[in-house]
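Read the figures in this text as sums done on the coordinates, not as results from a lab. As the structure is a computational prediction, the values presented were derived from the model and not from experiment. Because the Cβ atoms are built from the backbone with ideal geometry, glycine has one as well, and the counts that use them run over all protein chains shown.
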Amino acid sequence: MTELRYLAPATLDEAVKAFASAGSAGRILAGGTDLLVQMRSGAVKPGVIVDIKKITEMTAIEPTADGGFRIGAAVPGAVLAEHPHFGKAWPGLLEAINLIGSTQVQGRASAGGNLCNGSPAGDSVPALVAAGAIATLQGPNGRREMKVEDVPAGPGRTNLLPGEILVSFTLPPRPKGSSDAYLRMIPRTEMDIAVVGVGVNLTLKDGVCTAARVGLGAVAPTVLLVEAAAKALIGSKLDDAALKAAASACSAACRPIDDKRGTIVYRTRVAGVLLKRTALIAARRAAGN
Amino acid sequence: MNVVTNNKWIGERTIRPDGADKVTGRAAFAADTNMPGMIWGKVLRSPHPHARIKSIDTSKAEALPGVKAVVSARDVVDFPVDKSVMLGIQDMRWMCRNVMAREKALFPGHPIAAVAATTEAIAAKACELIEVEYEVLPWVIEIDDAIAPDAPILHDFMKFEGKPSNIGGRLEVKKGDVAEGFAQAEVIVERSFTTRPVHQGYIEPHACLVSVGADNKTTIWSSSQGQFMVRAMTAYLTGIPQSDIRAIPAEIGGGFGGKTIVYLEPLATLLAKKSGRPVKMVMTREEVMRATGPTSGSKSTVKIGAKKDGTIVAAQGTFYLQAGALPGSPNRGAVGCSFSPYDIPHVLAVGFDVLSNRSKVAAYRAPGAPIGAYAVECVLDELAEALKMDPLDLRLKNAARQGTKAAFGPVFPRIGYVETLQAAKSHPHYSAPLGKLQGRGVASGFWFNAGGESSAQVNITEDGNVVVTTGHPDVGGSRAAIANICAELLGIDYKRVSVLIGDTATIGFSNLTGGSRVLFASAIVVTQSTDKIIATLKERAAKIWDIDPEAVKWENGAAHPASPNAGQFEPLTLAELAAKAPSMGGPIGAGVQLNTEGAEGGFGTHICDVEVDPELGIVRVIRYTAVQDVGRAIHPGYVEGQIQGGVAQGIGWALNEEYIYNKSGKVDNPGFLDYRMPVCSDLPMLDTVMVEVPNPKHPQGVKGVGEVPLVPVMAAVANAIHNALGKRFYSLPMSPPVVLEVIEGPETRQAAE
Ligand SMILES: Cc1cc2nc3c(=O)[nH]c(=O)nc-3n(C[C@H](O)[C@H](O)[C@H](O)COP(=O)(O)OP(=O)(O)OC[C@H]3O[C@@H](n4cnc5c(N)ncnc54)[C@H](O)[C@@H]3O)c2cc1C
C-alpha cells in the first residue's frame, strides 16, 4: 500500500543527494539479490530505491596507478570473473565473490552489496579483509576511506553514515610470490550460507611466508581480521606447527552462536580446519607467482 | 489376463504429452489462473504453539476499505469430535479443525481466520487488524515430552488406556509369537533410532482460485493430487453439495503426498461465497513450511534375532510416529512395511500415533515405510556384521518370495524381491574398490502399492486420432505412459494419442494420485475402454465386409480379416473407420469406471557409497545404485525419474533435512535456505536398475514404482557411513555437526582403508 519510488541516477552526486534526502526510507540497490528478497519477505519496506548500476564509477574495474585494482561497488560477480587480469592477481577474492549464489545470482550480486548487507556470513567479506581492501565511501559530507574490516558494525548493520554510499574497493599492488584463497564450510555444495568462511592472503619468499592476512567469517557478529593467525604464519614455511598455531588462533578468535546453521563447538573447530586448508591453497598459488 | 509382449510403444521413452508446455512455460499451474473481478485471500495464523481461542473480533478488519469478506471457524462446517467421518485416510473431524482452528490453536501457523480483499497488501493488513484473544497454554513438540506423564495434553477428549493422553492410537501387526521366536535366536541385535520430521519439499506452494456463483455453483482451480478429493473435502467443509462444485486440476508442481489434503480451497470457497468475487490464494514458502504437513518425526526400537547360520527367527519393532497436532500419523506404513521384505516366522510390530504442537503431518512417499525401514535395515546391517555375513546374503537368505505370508496379512504372489538382491549383488557397483574414507552400505525396502477407483474415457476423433481422459493429476509422467499403452493397443503412433486429465465434471470419480496407484489403476480402465473401442471397430469392419465380427482382427491400427478363410479385404484403418462413423452407428468411444484390484507391493534394494570428510563431518554420496522390481516399465524414463527422485529425497532426509524449532516452539528454518534439501551438485548420478517381474494381475504387468525408492535410502546411507568410519549413527539427519561429534568421540578408530 505504501508508495515506492525508484531512481536510477547517472552520477554519484545525484545518487548521494537522492539517498540522503530520502532519509531512513532510502535504500541503495546494487544487484538486489539481498534487497529484493528482503522486500518480498516484508523484512524491509523502503520508500525510495536508489539504483547505483547506472553510475560508471560503480560498475568499473580499473587498474590503479601503483599497480593495484579499483573495483566499483556494484560490479557483479560474473563481470569480475570475465576480467582478463583480476582473477590472476586475486584468485581467492574472485572465488569468494563467485561463490555467492548461483549462475543467475552471479549476474547481479556485487561485493559491495555483500558487504553493505552486513551479514557476518557474507562470502566475499573475509576475502576482502584478507586482501587488505580499502572501501571508498561518499556521502553528503564528501569522500572518505575505510578499511573493509571496519565497515560491518554487527549483523545487518554497517558503519556507513546516513546518506553514505560505498563507491569502490581499492586493492593494493601484488608483490611477487603473493596469492590468496577462500574456503567456506556449507553442509551442501552450493546455494547455502557459510557456517564458517576463511580468507587467507599471503606472500612467500623462498618458501617463507613474509606477509599474511586472515579474514574469518560467520563466527562472530562481524567478519574478523585475525591478526594472531597471520602472525603465526609469518616467518614460517607453513609447516604443520605454524598451521596448527594459526588454526588455534582462528578457533580462539571465534565468538559464534548456536543457531540453526551450526553449533558453537562445530564452528570453532571448523574455523581451524579451514584456516589450514585455505593457507595451503594460497601458498600453492603463491609459489607459482 | 494377457501380458503384452513384443511391444512397439510400451517400454519406449516417448516424449511426454505435457513436455512442450512445461519447458516453454505454457503449462498452467494453480497460481497462473486469474479471473476478472478476482480478489486475494490471506490467512491469519496463530503465533502460538498452543492456545485457547477466547474470542475473535474481525470488525476492524471488515471495516478496512478494500476488504470484501472475513471468515473464521464459525463459517466452516463443524464435525463434532465424538463421531468419525472418514474421507479416504482423512477424518473430517480433524480436517475441519486443521483448515481453521476451532476451540484451540494447536501449532504456530494454524489458521485462525481468513480475509479476502482487493489486493494482497490490503488482505495482509486486514489480518493484522483481526483481534484474537488467546489463553496461551503449555505446549509440547518432541515425542518424549509428549508422552511424558506430566505432558501438556492437546485434546481433552483423547484418551489412551483410559487416561487423557497425547497418544492418538495404537496399531499392531503380528505373526507367530515373538517370545517363542527370540528364545530360538542365537544372535540378537536391538537398537533404538530417531528421525526428524521432513517436508516433501514440492517446489510449487499450495495455490487455488475459487469462483462461487449466485446459485452456489462453484469452480475451483487448484494444485492437488486429486480433484475429487478437493471437491469432496470442500463440499464437506463448506456445506455446498458435490454436484455444485467443479474442481479443475491445474498442472502440479510436485506433491509427493503433501497435496493429498486441502488447506486453502475450503477457505477460498467460503470467502468467494461471502464476497461474491472470485478469490485467489497462494501460500508463501514460509506458510508451506509452517502450516502444511511434513511427514512424522519418529523414535523406534527394533530387535531382530537370528540363528548362527543367518536364519532370522524373530523380529520386533516399536514405532512412535508424530501425527502433528491432530491424529493420523502414517503408522500403518511403519508397522506394515518394515519387516515385509523378509520371511520371518515371528513378528510383532507396534505403532503409536503421537500428537504434539506441530503442523498436522501429511503423506510423503510411502508414508511411514521409510521410517520403519531405516531402523530395520540398520539393525540388519549390524546383524550381518555380528554374523560375519555379507549384508546382501543375509537378506537373500531371509527374503520374502512367492508364498511368503507377510505379517500385515497377505500371502505374496510372484514378487521380485530376490531378483533385486541378486541384481544388486552382481552389479559392478557392489564389487567396485573403495578409496580412503569411503564406505558402502546396502538396504532394502517395501511399499504396499494401491489400486482403487479409476475412470477413463477414450474417444476416437472424426479424423481418426485418439483422446484419452483420465481423472488423476499427473505428477510423475502418467500421461506419457497412458499414451504408450493406448497407442500399443490400437497399433498406432503414440503421437496420435492425446492424454488429458479431466475435471470432476468431465470424468468419473477417480481416487487420489497417491499410493503409487495411478498407472496401475488408470492403465486398467484405459485398457478396458480401448478394448471396447477395438471391439466396436471390428464390428464395423465386419459389417462393411459383411462377415462375422469374430472373423476380424485388429492389427497395426487397422481391421484385417482374421484369416484367409474370412475373405479377401483391404484393411480398414482407424482413420477410415472414423470417417465412416456417422453412417455406421455414430461416434466411437468408450468409458470404464472401476474399483481396481490386484496392485502388488514393490521392493527395492539400494547400494550407496559415501565419502566422509572427517575434519568437517561432511558426508557426500559419491555413488548410488537403486535396484527396483518395477513390474513393467511402460515408460522407462519416468520410472527411472521416480526412482532417482525418491533417492534424492532420501539422501536429503538422511544427511541434512530437518525441522529446527526455536525455544518458543516455532519452526526456525521455514524456507529452502535453512531447510536443506539436496541441490543438484550435492548428488552423483543416481543409477537405476529396473528389474521387471510383471504383476500377474495387471494387463501390462504394472506395479507401482513411485514410493519404494524412498524407503531404503536412509539406512543405505547410514550403513555406508558405518562402513567408512566404523561408527554407527542412530539418529537422522547425519548432518556435519552430528557426524563430527561422533567422529571426535572417545573411541575414534582409524577409518577403514
Ligand atoms: C539465491 C541466493 C543465493 C545467495 N547465496 C549467497 C552466498 O552463497 N553467499 C553470500 O555471501 N551471499 C549469498 N546471497 C546473498 C546476496 O546475493 C549477496 O549478499 C550479494 O553479494 C548481495 O549483492 P547485491 O549487489 O545483490 O546487493 P543488494 O541486494 O543490491 O544490496 C544489499 C544491501 O546492501 C545495500 N547496498 C548495496 N550496495 C550498496 C552501496 N554501494 N552502498 C551502500 N549500500 C549498499 C543495499 O541497500 C542492501 O541493503 C544469496 C542470495 C540469493 C538470492
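Descriptive notes on the structure:
- Pairwise centroid distance, computed over Cα atoms, of the range A:8-79 with the range B:542-611, Å: 66 Å
- As computed over the range B:545-592, the Cα convex hull volume per residue (Å³): 102 Å³
- Among the helices of chain B, none built from whole DSSP H runs has Cα atoms reaching 24 Å or more along its own axis together with a mean Kyte-Doolittle hydropathy of at least 1.0.
- GNM top mover of A:Gly207, A:Gly112, A:Gly92 - chain A, alpha-carbon springs below 10 Å: A:Gly207
- Per-selection metrics, the range A:178-287 (Cα): Rg and Dmax in Å: 13.3, 44
- Peptides B:653-661, A:128-136 ranked from most to least packed give A:128-136, B:653-661, packing being the mean of other C-beta atoms within 10 angstrom over each peptide's residues.
- Placing a pseudo-label 7 Å from each Cα along the Cα-to-Cβ vector at A:Ala78 and A:Ala153 gives an inter-label distance of 3.4 nm.
- Counting Cβ atoms of other protein chains within 10 Å of each residue's Cβ and taking the mean over peptide A:183-196 gives 5.
- Residues A:Ser119, B:Ser84, arranged from fewest to most other Cβ atoms within 10 angstrom of their Cβ, appear as B:Ser84, A:Ser119.
- Cross-linked pairs B:Lys175/B:Lys299; A:Lys45/B:Lys125; A:Lys176/A:Lys237; B:Lys553/B:Lys580; B:Lys42/B:Lys274; B:Lys397/B:Lys703: Cα-Cα separations exceed 21 Å for B:Lys175/B:Lys299; B:Lys397/B:Lys703.
- Going by neighbour counts of Cβ atoms within 10 Å, the residues B:Thr118, A:Thr222 line up, fewest first, as B:Thr118, A:Thr222.
- Rounded to the nearest whole angstrom, the semi-axes of the ellipsoid equivalent to the range A:1-121, taken from the Cα gyration tensor as √(5λ), stand at 27, 18, 11, largest first.
- If both residues of a DSSP beta bridge must be in chain B, then about 75% of such bridges are antiparallel.
- Prolate/oblate/rounded label for the protein assembly as shown (Cα gyration tensor, a/c 1.5): prolate
- 13 Å beta-carbon shell around B:Gln649, net charge (K/R +1, D/E -1): -1
- Computed over the alpha carbons of the range B:475-562, Rg followed by Dmax gives 15.4, 48 Å.
- Averaged over the residues of peptide B:612-620, the number of Cβ atoms from other protein chains lying within 10 Å of each residue's Cβ is 4.
- Point-charge dipole on Cβ atoms (K/R +1, D/E -1) for the protein assembly as shown, about Cα centre, debye to 20: 1220 debye
- B:Leu87 long-range amide H proximity, modeled H, under 5 Å: B:Met92
- When you work out D = kT/(6 pi eta Rh) for chain B at 4 °C and 1.567 mPa s, using the Kirkwood radius from C-alpha pairs as Rh and the Stokes-Einstein form, the result is 47 µm²/s.
- Between A:Ile97, A:Ile52, A:Ile186, the GNM of chain A built on Cα springs shorter than 10 angstrom shows A:Ile186 fluctuating the most.
- Span from the the range B:188-252 Cα centroid across to the the range B:259-314 one, whole angstrom: 11 Å
- Percent of alpha-carbon pairs separated by more than 17 Å within the range B:331-413: 55 percent
- Residues B:Val667, B:Val702, A:Val200, sorted so that the one with the fewest Cβ neighbours within 10 Å comes first: B:Val667, B:Val702, A:Val200
- Span-rule helices in chain A, defined as complete DSSP H runs reaching 24 Å or more along the axis (Cα) with Kyte mean at least -0.5: A:264-287
- Among A:Asp192, A:Asp150, A:Asp258, the largest mean-square fluctuation in a Gaussian network model of chain A (Cα springs under 10 Å) belongs to A:Asp258.
- Per-residue packing, averaged as other Cβ atoms within 10 Å, sorts the ranges B:569-579, B:628-638 into the order B:628-638, B:569-579, beginning with the highest.
- Rh by Kirkwood over Cα pairs, then Stokes-Einstein D for the range A:93-199 at 1.567 mPa s and 4 °C, µm²/s: 89 µm²/s
- With bins 5 Å wide beginning at 0, the percent of Cα pairs of the range B:72-198 falling in each bin runs 2, 7, 11, 14, 16, 14, 11, 8, 6, 4, 2, 2, 2, 1, 0.
- Distance between modelled label sites at A:Lys244 and A:Lys17, nm, 7 Å Cα→Cβ extension: 6.3 nm
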